[in-house]
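Encoded as structure tokens, the structure appears first; notes follow it.
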Ligand code: PMP
């Protein structure tokens with residue numbers, strides 16, 4: 001039987017991670033994988049997570065199963081964090097999932113169950129896993145223009161023109177903030193225009209919110225998601241706690257389905273529980289419980305928020321430093337967009353040959369499409385990267 005299997009394409013980012021590990025150069029720089037790192041290159045366990053784990057260890061008396069949708073306290077806490085009061089609670093169904101990837105996958109499953117002929121519109125480019133999962137599931141995708149590689153900003157006119165092809169019942173996948181891989185994001189006026197267009201066409205938004213708190217702050221980053229959820233009849237929101245709580249390996253995420261009324265919510269809630277049951281039964285609980293402990297305890301929450309703010313501001317500072325260095329060394333504003341981008345990533349718009357030259361000649365590793373992880377830099381390596389970019393003639 002197994003002889004019928006075919007080799008699957010390797011994940012490019014994981015392959016890059018391996019190549020980095022195998023590189024003997026001491027001064028190599030890893031700007032590949034999307035994990036936050038501090039100035040020492042470490043992905044720290046956040047203080048509030050450590051405290052919550054300590055408390056959980058002391059207080060937890062059972063590891064028996066929770067519910068198919070996870071702990072209701074986690075759902076309530078995440079709904080408040082993401083949506084605040086933008087939508088009445090009775091219009092929101094929610095289920096815990098293994099990470100944001102689990103939420104994305106379950107969202108696609110729910111969409112396909114509701115509409116087997118659905119077309120899902122995805123930004124060009126998008127997080128490669130979106131495309132890989134949709135291909136695996138056999139769901140039709142339609143790419144919409146998103147990134148203007150000349151300006152480094154959003155190609156909003158191109159995007160709106162491509163979304164003009166939407167039909168009733170199509171789904172549009174949007175990144176709630178901190179677009180991965182480009183770092184370019186719509187402003188609120190543009191978001192409003194997209195919402196109006198979707199309502200006009202009868203299309204359903206699905207928001208992937210994996211970086212709340214990494215862009216302009218917890219509230220500002222949730223704003224577009226709240227605008228969408230409060231203005232459309234139905235939407236899906238896939239959230240991840242991997243980045244903003246730094247609990248990547250705990251696999252903590254949540255899928256929310258927003259609908260029109262309590263009856264629709266009951267059906268959505270039952271569907272989410274059913275889908276969890278089919279795929280892995282009970283979702284992971286450890287990370288979810290830490291998150292709800294932190295969000296419901298004022299001291300832990302304050303500590304978490306301030307550490308998250310420090311991380312966010314560190315990344316913003318590195319953006320400004322890199323844009324400034326490149327301006328100084330190249331004498332042009334071409335890379336000014338790096339300071340405008342938000343989140344962990346920026347797509348530099350450098351040719352693949354130059355990306356390869358940066359790796360071969362300078363030991364600087366970035367994704368082939370020239371996406372860099374800003375958090376892979378520190379104050380000392382920014383000038384090295386800037387000089388290398390200029391040296392390879394990018
Ligand atoms: N969506 C996007 C756009 C992402 O970048 C990520 C993380 N790489 C995720 C979802 C999900 O991450 P995780 O499964 O680790 O929570």
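Any read-out appearing in this document is the output of simple, stated calculations on the displayed coordinates, not a laboratory observation. Because the structure is predicted, anything quoted here is derived from the model rather than measured. Neighbour counts run over all protein chains shown; Cβ positions are idealised from the backbone, glycine included.
Take the alpha carbon atoms of the range 254-322, find their center, do the same for the range 350-394, and report the distance between the two centers in whole angstrom.
33 Å
Between 0 and 90 degrees, rounded to the nearest ten: what's the tilt of helix 47-59 against the longest Cα principal axis of the chain?
40 degrees
Can you give the % of DSSP beta bridges in the chain that are antiparallel, to the nearest 5?
Approximately 45 percent, going by the DSSP bridge assignments.
Arranged by the count of other C-beta atoms within 10 angstrom, fewest first, what order do 127, 304 take?
Ordered from fewest to most neighbouring Cβ atoms within 10 Å, 127, 304 come out as 127, 304.
Is any residue of the range 79-114 close enough, with backbone N under 11 Å, to a label point placed 7 angstrom from the Cα of residue 280 along the Cα-Cβ axis, and if so, which?
Under cut-off, by backbone N: 96-106.
Using only Cα atoms, find the angle between the long axis of helix 352-362 and the longest principal axis of the chain, and express it within 0 to 90 degrees, rounded to the nearest 10.
With both axes taken from Cα atoms, the answer is about 60 degrees.
Once both labels are modelled 7 Å past Cα along the beta-carbon direction, what's the residue 14-residue 332 spacing in nm?
Spacing of the two 7 Å Cα→Cβ label points: 3.8 nm.
At a Förster radius of 30 Å, what calculated FRET efficiency corresponds to the Cβ-Cβ distance of residue 391 and residue 192, to the nearest 0.05?
Result of the calculation: an efficiency of 0.10.
What's the exposure ranking of 322, 14, going from fewest to most Cβ atoms within 10 Å?
The order, fewest Cβ neighbours first, is 14, 322.
With label points built 7 Å along Cα→Cβ from the Cα atoms of residue 299 and residue 168, find their separation and express it in nm.
Once both label points are built, they end up 5.7 nm from each other.
Take the Cα atoms of the chain, find their three principal axes, and give me the spread along each one in whole Å, biggest first.
If we take the Cα atoms of the chain, the spans are 61, 55, 53 Å.
Using Cα atoms only, what is the angle between the long axis of helix 12-22 and the major principal axis of the chain, expressed in degrees (0 to 90) to the nearest 10?
Approximately 50 degrees, to the nearest ten.
Compute the FRET efficiency between residue 23 and residue 379 as 1/(1 + (r/R0)^6), taking r as their Cβ-Cβ distance and R0 = 25 Å, and round to the nearest 0.05.
Approximately 0.65, to the nearest 0.05.
Please give the direction-averaged projected area of the C-alpha convex hull for the range 273-394, in square nanometres with one decimal.
For the range 273-394, the mean projected area of the Cα convex hull comes to 10.8 nm².
With a ≥ b ≥ c taken as the square roots of the eigenvalues of the C-alpha gyration tensor of the range 179-317, please select rounded if a/c is under 1.5 and otherwise prolate if a/b is larger than b/c or oblate if it is not?
Note, shape of the range 179-317 comes out oblate.
Quick check on the range 350-394: take the gyration tensor over C-alpha atoms, sort the square-rooted eigenvalues as a ≥ b ≥ c, and tell me if it's rounded (a/c under 1.5), prolate or oblate.
It comes out oblate by the Cα gyration axes.
Please report Rg (one decimal) and Dmax (integer) in Å for the Cα set of the range 65-296.
Using the Cα atoms of the range 65-296, the pair Rg, Dmax is 16.4, 52 Å.
Please find the FRET efficiency linking residue 232 to residue 80, where r is the Cβ-Cβ separation and R0 is fixed at 22 Å, and quote it to the nearest 0.05.
Given R0 = 22 Å and the Cβ-Cβ separation, E is 0.65.
Kindly put 97, 305, 265 in sequence by how many other C-beta atoms sit within 10 Å of each C-beta, fewest to most.
Going from least to most buried by this count: 305, 265, 97.
In nm, what is the difference between 0.36 nm times the number of residues separating residue 216 and residue 309 and their Cα-Cα distance?
The span from residue 216 to residue 309 would gain 32.6 nm if fully extended.
Given the peptides 237-244, 179-186, arrange them by the average over their residues of other C-beta atoms within 10 Å, most packed first.
237-244, 179-186
Rounded if a/c is under 1.5, else prolate if a/b beats b/c, else oblate: with a ≥ b ≥ c from the C-alpha gyration tensor eigenvalues square-rooted, which is the range 247-309?
Oblate shape, in that a/c is at least 1.5 and b/c is the bigger or equal ratio.
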